[in-house]
Every structure is written in C-alpha cells, then in structure tokens.
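Visitor: There's a structure below that I have some questions on.
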Number of protein chains: 2
Amino acid sequence: MLKATQILGSCASGLVSKPRCSGGLSFISVSAKPLSYSSSSRRATSTNSSFLPKFPARGTRCLRPFHLPSTRSESNPDGGSASSVAVQHSAGNVRKINFCQWCGGPTKHEIPDGEEKMRAICTVCGKIAYQNPKMVVGCLIEHDNKVLLCKRKIQPSYGLWTLPAGYMEIGESGAEGAIRETWEEANAEVEVLSPFAQLDIPLIGQTYIIFLAKLKKLQFSPGPESSECQLFALDDIPFNSLAFSSMFVTLNLYIQDVKTGKPKFHYGTINKRPGTSPSDIHAFTLDYHLQC
Amino acid sequence: MLKATQILGSCASGLVSKPRCSGGLSFISVSAKPLSYSSSSRRATSTNSSFLPKFPARGTRCLRPFHLPSTRSESNPDGGSASSVAVQHSAGNVRKINFCQWCGGPTKHEIPDGEEKMRAICTVCGKIAYQNPKMVVGCLIEHDNKVLLCKRKIQPSYGLWTLPAGYMEIGESGAEGAIRETWEEANAEVEVLSPFAQLDIPLIGQTYIIFLAKLKKLQFSPGPESSECQLFALDDIPFNSLAFSSMFVTLNLYIQDVKTGKPKFHYGTINKRPGTSPSDIHAFTLDYHLQC
C-alpha cells in the first residue's frame, strides 16, 4: 500500500512535450551542465530542463528533459497517522527525531565528524539515526493494449487514479514488492516482465521503481485501499485525474515507448521547477532522463 | 560512504557461469515458478536459480540465473558505531526499536490493523516506526577499457576492492548520490552516462543502484575511506579481493556486456542459496535477472 507520497500529478494534457531527441547521439554537441560533481563546491550540480546536459553517445542512451505542468497541490496529511509518520521519514526532517529509538535517550542535532549532513545523534548511547530515501515499487500492467489503474480510496489523493504501488518492505525484492502491492490494491496476480522506470523525487526522499507486468489471469477487483480498478486503453487514461506525478511521468513514458515500438528502461529525476516555492507544485520537470 | 553493508563477495573465479540464454525467447517453454503472487498464500513466491522462471518474450529481455560461489564470511560489526546502526536498520529487526523517536514513549511490537508485518508502535502517541530497504548508489567508471576501483580503508571489508558507492541521502537523486560517493571515496569527478543495474538484496534490506560513468578528467586519489584507487583492465579485476557480492555481480555483468558489445540495464536479486543458514554466505545466487 502507498500510505503517503507526493502529490505532484496530474496534468491537463495527457501528452508530454515533444521529445528533444530520439536517439543517443542527438545532443552530444549541446553545451550545458552535466550531471556531475564540482570539486570547487563539493556539491553535486544539477541541471533542470531549461538546460540540456551533455551526455556522450552510448547505445540508445538519450537525455530527454521535458516539462510536465501539473494542476494539483502538493500536500500530505501531517497528523498522527501512519501516513504522516512515513512522510516525516521521507522528508528527512532530522529535527523531528527527538529520541533514540534504541535506548530512549534524547537526541542532539549536529553534523557528525567526517560527515556533511545534520543528523540526530543520541546523547546517551551515541548512535546516529540515519534517514534515507524510500523506494516505492509498483506495476504497470499491460493487457490487450490497456493498462490497469486503481482509484484510491484513501488519502492522499483520494479518488484519483494510480498504478498499484507502495513502499518496498525489508525482506522482499523490488519485483516481489510490486507484485505484492498489485495483489493488495487490485486483487490481481501478475508476472513481472521487465524493469521499466526508476524515478527519483529528491524533494520528498522517494524513488519510484516501476516494473512492466502482465495479468496471470483476467481477474482483478478493488482491494481495501481502492474504490475501483479498471483497464484503460492508452487514449483513455485519465491524465486529468491521476494521483501522483510519478504516475503521470510513468504512463507518458510508456505511451511513448508503445508508439515507438521500443520498450526501454527509463531513469529520471522529478524536480520542482526552479524558482517555485516548496509549496507550489503546479510545475515540475523530469530531469536527467536517461533511457536504455 | 558505504558504512555498512553485506559481505557476500568474492568469488574464486572472475567469471560467472555461462549464460543460460542469450535472448528474450530462450526460456519461454521452461516450466518453473514465475516471479508472481499466489492468491492461495497471499505471499510473493520466489524462484531460486535451481529453477528457470518463465518470462514471456519481450525485446532483449532475458532471465539468466547463475551461481556465484563466494569465499568470504558474512558479518557486520554490531557495536555502537554508525555502521551497526545502519545495519540494524537495513536488516529490519523491528524488535530493536524500543522507543518512539518522536515522543520518546516505549514501543510495542505488533501487527497493526490492516497490515501483515510486525511493526514497532509507540504506546504513547501511536505512531509506527516503519523500516524500509535502503538504496546504495554507486558508479562503474569506464576509462580506456578499464574500470576504477577503490580499496576500502574502513570496515566492513577492510582492504578489499569496491566500486565507489554508498547510501543514497534524502534530497539527492540516485545519480547525484553516486557522483557524490565517487567524489568522497576516489576524489574523482564523473559524469553519469546511464543506469546500469539494480540489485536487490532482500536478506539485508538493501538495493544497489549502479550507474555507468566516465571521468571528467583523469584525476583520482583515495578519499578518507579508501587506501588506494586504481584503474583495472577487465582481465585484471581482483575478483578474489572484492568487498561485496553486489560488486562481484555488477562487474561480471559489465564484462559480459562489454564482450557482447551490448550495454544493458540489469535487474536482479541477490539471494542466499536455499538451504544455507543465514550465517553461511559462501553461496549465493543472482535470481530473476532481467535485462533490457
């Protein structure tokens, strides 16, 4: 189950902007900041979609940034629910960690020796409460030129459509987690066919890992967290009612692959557009899109 | 930095077993458990490399399980260091979470309503301390038909060779994290070229995300956690002295791709061999290997 995540989707248009390149060679000569590390600042530099990073030619590798205007507001419940706990973890607000979960001692918030990031450090036992991004795993289920979507019956994004997806658990692989989530949300038994996309969302500390999958039998029905499950033809995907930007991006990339007849693996970063405030999610970009 | 992780490598041989298939069509007729969800058990089933799961043909998709005999013992320091904290997190031992990190209340260990896994639940505020797998991000740096490796100057796996890699941080993308780790461990500035592999290790709750990268300039030197950094020709890679099974698998897959001249994205799961005890890491398999 996906108990808490970002709300960056959906877009008025079901189509992403026109690809800036169709192969691995198109942008070799384009001058822009690469995704690389600056020794002067010791910080990783990033390039938003206003620039076209230079990537060398390699197979079908292709950087294809595009803009995905969104129309929904980004918000998450912040009460005492499991969802909000997960959000706080994901967002990595170290100052919300007040006690050591191992010994119960109060924490201090400092940059440990040899590190560069603020951490919550136990003042009693000295242990550090590291926080790391979470993986959300899900399935893009193909059946008869349609894809399976679930309408959410829980917050966030109640009433909006999503691929079946949720947090990966310790003890399972990503593919196993995606299969489990599909069963939980759509009562559907699936086989994983191939990895399809990794989409990082640094702002909220989440990485989406999406697999292409197929139904083992033509049976599905809403699980406890879904009000509907439905197969959509690609032209009928409800892009105006998708739950998350990650789903919007995934489905658009899938449609592009179907149109070109070339299934690929996609890597990319979903970022807020530069200059927008953290609370303004009406604009985001898919940066560093690499495919192979 | 990679402060704590598994020690499953290395192998006496630098070569994986012969691929069982070279294309997406080879094993369609093989009967075995697929990576799928069983409605009868509501548990994800998994197939080890003794079986050949059936995956439908799709592009260059190929399931290619192989055995990677290892010669090192799996152990991690379990003291009060940051490393051990991270290991406890990764392993997902919920019973080690004794207190709520938000309010300091004692926890109980129960399966919450509507869930299936044991969680640590605060008896005061009711919040749940979810634990999830961590991502380890790193770079496989190509230069002049060689790859860059670092000799570890810290535990675990002191004195053994690894690709530069470490835990992904909240606020960065996977590629940015891989670039940062490369800078920290090898003082090398790199450009990410493409995603190369996702390797899940369910036993310890880690997922390796490896990117192909290139040096921006021919400069590298050991960072604080490395005693040496060296470019190795593929025939000279020290397979008998690698730090982690994930690195062993990654480098073998890379060599295979170089030999075939077809760079791919690889997904797979590194599992202990069935029937071996949790403390016996002398055998492991790469299961559900999918490539595209």
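Visitor: Please determine, by comparing only the residues of the range A:191-221 that are surrounded by fewer than 24 Cβ atoms within 10 Å (Cβ to Cβ) and more than 11 Å from every other protein chain (Cβ to nearest Cβ), which one is farthest from A:GLU142 (Cα to Cα).
Guide: The extreme case among them is A:SER221.
Visitor: Report yes if B:GLY104 is of a type in the set (Gly, Ala, Ser) and surrounded by fewer than 23 Cβ atoms within 10 Å (Cβ to Cβ), otherwise no.
Guide: It is true that B:GLY104 is of a type in the set (Gly, Ala, Ser) and surrounded by fewer than 23 Cβ atoms within 10 Å (Cβ to Cβ).
Visitor: With respect to B:GLY159, is the statement that it is part of a loop (DSSP other than H, G, I, E, B) and facing another protein chain (nearest Cβ under 7 Å) true?
Guide: no
Visitor: Filter the range A:222-238 for residues that are touching a helix residue (DSSP H, G or I) at 6+ places or on another chain (Cβ under 6 Å) and either surrounded by fewer than 17 Cβ atoms within 10 Å (Cβ to Cβ) or not assigned by TED's automatic domain parsing to the domain that holds A:SER157 (or both) and give the result.
Guide: A:LEU234 - this is the single residue of the range A:222-238 that is touching a helix residue (DSSP H, G or I) at 6+ places or on another chain (Cβ under 6 Å) and either surrounded by fewer than 17 Cβ atoms within 10 Å (Cβ to Cβ) or not assigned by TED's automatic domain parsing to the domain that holds A:SER157 (or both).
Visitor: Then there's this: If the requirement is being surrounded by 20 or more Cβ atoms within 10 Å (Cβ to Cβ), modelled with pLDDT under 90 and not basic (Lys, Arg), which of these qualifies: B:PRO69, B:PRO156?
Guide: B:PRO156
Visitor: Residue check: is B:VAL147 under 19 Å from B:ILE201 (Cβ atoms), in the same structural domain as B:LYS214 (by TED's automatic domain parsing) and not hydroxyl-bearing (Ser, Thr, Tyr)?
Guide: No; evaluated as a whole, the condition is false for this residue.
Visitor: Exactly one of these conditions fails for B:GLY171: (1) surrounded by 22 or more Cβ atoms within 10 Å (Cβ to Cβ); (2) more than 21 Å from B:LEU242 (Cβ to Cβ). Give me its number.
Guide: Just one mismatch for B:GLY171, condition (1).
Visitor: Now a separate question. Being part of a helix (DSSP H, G or I), over 16 Å from A:TYR167 (Cα atoms) and not aromatic (Phe, Trp, Tyr) is the filter here, so list the residues in the range A:203-244 that pass it.
Guide: In the first step, residues of the range A:203-244 are kept if they are part of a helix (DSSP H, G or I); the result is A:203-204, A:234-236, A:239-241.
Next cut, over 16 Å from A:TYR167 (Cα atoms) only: A:203, A:234-236, A:239-241.
Those that are part of a helix (DSSP H, G or I), over 16 Å from A:TYR167 (Cα atoms) and not aromatic (Phe, Trp, Tyr): A:LEU203, A:LEU234, A:ASP235, A:ASP236, A:ASN240, A:SER241.
Visitor: Turning to a different aspect of this structure: Exactly one condition in (1) farther than 23 Å from B:VAL137 by Cα; (2) in contact with a helix residue (DSSP H, G or I) (Cβ under 6 Å, 6 or more places away or on another chain); (3) within 14 Å of chain B (Cβ to nearest Cβ) is not met by A:TYR254; state its number.
Guide: Among (1) farther than 23 Å from B:VAL137 by Cα; (2) in contact with a helix residue (DSSP H, G or I) (Cβ under 6 Å, 6 or more places away or on another chain); (3) within 14 Å of chain B (Cβ to nearest Cβ), the lone unmet condition for A:TYR254 is (2).
Quick grid of which residues meet (1) free of Cβ contacts under 8 Å to residues at least 24 places away in the same chain; (2) surrounded by 15 or more Cβ atoms within 10 Å (Cβ to Cβ); (3) more than 10 Å from chain B (Cβ to nearest Cβ); (4) within 18 Å of the chain's Cα centre (by Cα):
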| site | (1), (2), (3), (4) |
| --- | --- |
| A:HIS109 | yes, no, yes, no |
| A:LYS117 | yes, no, no, no |
| A:CYS122 | yes, yes, no, no |
| A:LYS127 | no, yes, no, no |
| A:ILE141 | no, yes, yes, yes |
| A:LEU149 | no, yes, yes, yes |
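Visitor: Go through (1) closer than 30 Å to A:GLU225 by Cα; (2) at the interface with chain B (Cβ under 8 Å from one of its Cβ atoms); (3) out of contact with any Phe, Trp or Tyr (no Cβ under 9 Å at 6 or more places or on another chain) one by one and return the number of the condition A:LYS96 breaks.
Guide: In the conditions (1) closer than 30 Å to A:GLU225 by Cα; (2) at the interface with chain B (Cβ under 8 Å from one of its Cβ atoms); (3) out of contact with any Phe, Trp or Tyr (no Cβ under 9 Å at 6 or more places or on another chain), A:LYS96 misses (3) alone.
Visitor: With respect to A:ALA178, is the statement that it is modelled with pLDDT of 95 or more, assigned to a loop (DSSP other than H, G, I, E, B) and within 23 Å of A:LEU242 (Cα to Cα) true?
Guide: Against the criterion (modelled with pLDDT of 95 or more, assigned to a loop (DSSP other than H, G, I, E, B) and within 23 Å of A:LEU242 (Cα to Cα)), A:ALA178 does not qualify.
Visitor: Now, a different point. Out of the range B:162-175, which residues are out of contact with any Lys or Arg (no Cβ under 7 Å at 6 or more places or on another chain) and either over 14 Å from B:VAL192 (Cβ atoms) or in a strand (DSSP E or B) (or both)?
Guide: Those that are out of contact with any Lys or Arg (no Cβ under 7 Å at 6 or more places or on another chain) and either over 14 Å from B:VAL192 (Cβ atoms) or in a strand (DSSP E or B) (or both): B:ALA165, B:GLY166, B:ILE170, B:GLY171.
The values are calculated or read from the model by the stated rules, or taken from the named source; none is laboratory data. Please read all numbers here as calculations on a predicted model, not as lab measurements. Every residue, glycine among them, receives a Cβ derived from its backbone with ideal geometry; neighbour counts consider all protein chains shown.
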